[in-house]
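Trainee: Structure incoming, see below.
The values are calculated or read from the model by the stated rules, or taken from the named source; none is laboratory data. Predicted model, so just to flag it, every value in this text is computed and none were measured. So basically every Cβ, Gly included, is an ideal-geometry build from the backbone, and we count neighbours across all protein chains shown. Ligands, DNA and RNA are excluded from the accessible area calculation, which covers all protein heavy atoms including side chains. Shrake-Rupley method; radii C 1.70, N 1.55, O 1.52, S 1.80 Å.
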Amino acid sequence: MLNLKGTGASPGIAIGPAQILESGKTKTVKRRILETDVQREQDRFIHAVSTAEAEISAILDDIPEELKEHSGVLKSHLMMLKDRMVFERTLKTIEADRINAEWALDKAVKHIHSLFAQVKDSYIRERMEDIEYVVKRVQALLSHSNEGLNLQELEEPCVIVAHELSPADTVQMFKQNVLAFVTVAGSRTSHTAILARALGIPAVVGLEHGIRHIMQDDLLIVDGLTGDILVSPDEQTLEKYQEKQQAYIRYRLEVIHNSSLPAETRDGYRVRIKANMELLDEIPSAISHGAEGVGLFRTEFLYLASKELPSEETLYSAYKEVIERLSPYPVTIRTLDIGGDKFVSSVSLDDEINPALGLRAIRLCLKEKGLFWDQLRAILRASAHGEVRMLFPLVSGRTEILQVKALLEQVKDELRDSNVPFDENMKLGIMIEVPSAVMMADILAREVDFFSIGTNDLIQYALAIDRVNESVSHMYQPLHPGVIRMIHSTVTAAHNAGILAAMCGEMAGEPMYAPILLGMGIDEFSMNAMVIPKVKRIIRRCIYDDCVRLVQRILDASSGSEIKYLLDEFLRANCPEEFEPADARYPEFAETGSPLLN
Ligand code: PEP
Ligand code: MG
């Protein structure tokens, strides 16, 4: 048995066999096939190889005369495609092991790798790179030629183990045979982790070198709370975790109890608690966990699900569904926020050195106006069916808001001209997630009806910590005085201008931060639905005036650890039973990512 340690990114305990996904753009999945499908699978492989051949030959033909002497590499690639060790071995493995072509090809390459490793001659060893090149090409063609080959085809419940997973990969896991996932890359605030929590899939990220010790089909225990991974556990450990798994299920049921009570402090100060949502499948969870509406609908996930751009009609009907099912509560729909760590296959973005600082979110929408136009029309049309608020991501200054509003007016004119109904008084808000927006929040507040603080990005940009880079994730500090002061001044600016201050970043859903956010005056908290009951419970234990006093003290603190200490002291005094002994019956389920009290 091996105990590996990563970062718990989505709570829950899963036990199942490992399914390794090879890194790189083409994810290879092992799939067993029926005897009757062997021929079809072999044909698929042969077809992919001949397409690769045709592609390489076409490149060869195009090489200008004066460069022909350099075409040797490509010719050798052509030969490798027909190499017995690659070609015939793959065909044989498909038949002998009854597995899919991708996996058989992978196996053949691993075999060649092991042979080459023993060769001393460096020239021969370097040829391995050529083989890898052609294999990648064939793998890409295979995955293309078989669009159905993806995570949805996993036959048995398993734990996905990968170097990294994109949000698009994670979307596919929902409702499939994925018990949990484990990755090297990522942090608690990467979109992949956010999505895992939203979908209730336990996850551990940042596993680093430990991942090498996990082999295909190894039995794994994944503890998404502590970040522990147990490889090939012994009987005793297995039993212990089976009990823990059951306890977690009981704990969730208990937490859900009373989730419809209002988020009101003991002295009667009331805030609204809403759900963040990525997919329509999350609607029942939002309702059952006591959400008072949707505070952040991350619409880009509607784009992740398909290879085609969704039409205005598709967007409209998705928005309408959320609005109608959440009625009478309001739904805040955020316009497309792609780029950064979210890519969708239907929108091609150039490779950027710094995508987080690149053409993402509102910047992209203001450039690709056609894309934005459909979004705006769909949201406006949906507003005829219930209370909708429109939210714009990654705003960095006033000019962007003015551009967006001008465009929105044009869309409204078009709808009016064709008598399409929409809410003329729909509220507009901006995400506050770029430091420049914080600094000029007083000016921006004059232009909109509400702010929603996106701490995930705000912390990333304020502390210069890439939110998806596991190497710096330990420096991602929500309680950093710089961050706390930014939140405080944003809320103050909003209230001075008479507009609402909401928060929809992950910080809003960390139960232990609730007293600080309350004391700062956050009016609406929006979070992953699963944590709503817990945050409500903490709020219901607090006295508002005490929270205000706590904030006064922490604003003077000079370090994150000092703030942590003050908060710790406050929680021990005000809601000890929530944290200490941490959830007495279920001490291990503090659900706070980085438990404050231990
Ligand atoms: C945020 O940045 O805090 C936020 C809510 O937006 P996202 O996580 O989608 O970037
Ligand atoms: Mg953001």
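Trainee: Using a Förster distance of 41 Å, how high is the FRET efficiency between residue 405 and residue 1, based on the Cβ-Cβ distance and rounded to 0.05?
Mentor: E(calc), rounded to 0.05, equals 0.10.
Trainee: Could I ask something else about it? Whole percent per 20 Å bin, from 0 to the bin with the longest distance: what is P(r) over all C-alpha pairs of the chain?
Mentor: 19, 48, 27, 6, 0
Trainee: Suppose all protein chains stay in the model; what accessible area per residue would a 1.4 Å probe give for the chain, in Å²?
Mentor: Normalised by residue count, the accessible surface of the chain is 43 Å².
Trainee: Can you flag which of 30/342; 107/240; 110/244; 369/427 are past 32 Å Cα-Cα?
Mentor: Long pairs (Cα-Cα over 32 Å): 107/240; 110/244.
Trainee: Under a plain spin-label model, where a point goes 7 Å from the Cα along Cα-to-Cβ, how far apart in nm are residue 35 and residue 552?
Mentor: If labels sit at residue 35 and residue 552, their model points lie 8.2 nm apart.
Trainee: Then there is this: If you take the Cα atoms of the stretch 397-485, find Rg, then find the Kirkwood Rh from the mean of 1/r over all pairs, what is Rg/Rh?
Mentor: Rg/Rh for the stretch 397-485 comes to 1.14.
Trainee: For residue 240 and residue 288, calculate 0.36 nm times their separation in residues minus their Cα-Cα distance, and state this gained length in nm to one decimal.
Mentor: Full-extension gain reported as 14.3 nm.
Trainee: At a threshold of 8 angstrom on Cα-Cα distance, excluding pairs fewer than six apart, so keeping six or more, what relative contact order does the stretch 256-597 reach in percent?
Mentor: Relative contact order here is 18 percent.
Trainee: What's the magnitude of the charge dipole for the stretch 256-597 around its Cα centre, counting Lys and Arg as +1 and Asp and Glu as -1 at the beta-carbon? Answer in Debye, nearest 20.
Mentor: Using Cβ point charges on Lys, Arg, Asp and Glu, the stretch 256-597 gives about 560 debye.
Trainee: Note the full-extension length gain between residue 155 and residue 260 as 0.36 nm times their separation in residues minus their Cα-Cα distance, in nm to one decimal.
Mentor: Length difference between fully extended and current span is 34.0 nm.
Trainee: Run the simple label-point estimate for residue 442 and residue 132 please: 7 Å along Cα→C-beta, distance reported in nm.
Mentor: In this crude spin-label approximation the distance works out to 5.7 nm.
Trainee: Counting only helical runs of four or more DSSP H residues, what would the 222 nm mean residue ellipticity of the chain come to if each run contributes -39,500 (n - 2.57) and the total is spread over all its residues?
Mentor: -14000 deg cm²/dmol
Trainee: Taking the Cα centre of the chain as the origin and placing charges on Cβ (Lys, Arg +1; Asp, Glu -1), which of 486, 338, 309 is farthest toward the positive end of the dipole?
Mentor: 486
Trainee: Stretched out fully, how many nm does the piece from residue 217 to residue 428 gain, at 0.36 nm a residue minus the Cα gap?
Mentor: 71.0 nm
Trainee: Another one. Accessible area of the chain with a 1.4 Å probe: how many percent of it is carbon plus sulfur?
Mentor: Looking at the chain in its full context, I get 51 percent from C and S.
Trainee: For residue 118 paired with residue 311, estimate the spin-label separation in nm (one decimal), with each label point 7 Å from Cα along the Cα-to-Cβ line.
Mentor: Output for this residue pair reads 6.0 nm.
Trainee: For residue 475, project a label point 7 Å along Cα to C-beta. Then give me every residue of the stretch 437-465 with its amide nitrogen under 11 Å of that point.
Mentor: Residues passing the 11 Å test: 463-465.
Trainee: Indicate the gyration tensor shape class of the stretch 164-264 (rounded, prolate or oblate), computed on the Cα atoms with a ≥ b ≥ c the square roots of the eigenvalues: a/c under 1.5 is rounded; otherwise a/b larger than b/c is prolate and the rest oblate.
Mentor: Oblate is the answer for the stretch 164-264, as a/c is 1.5 or above yet b/c matches or exceeds a/b.
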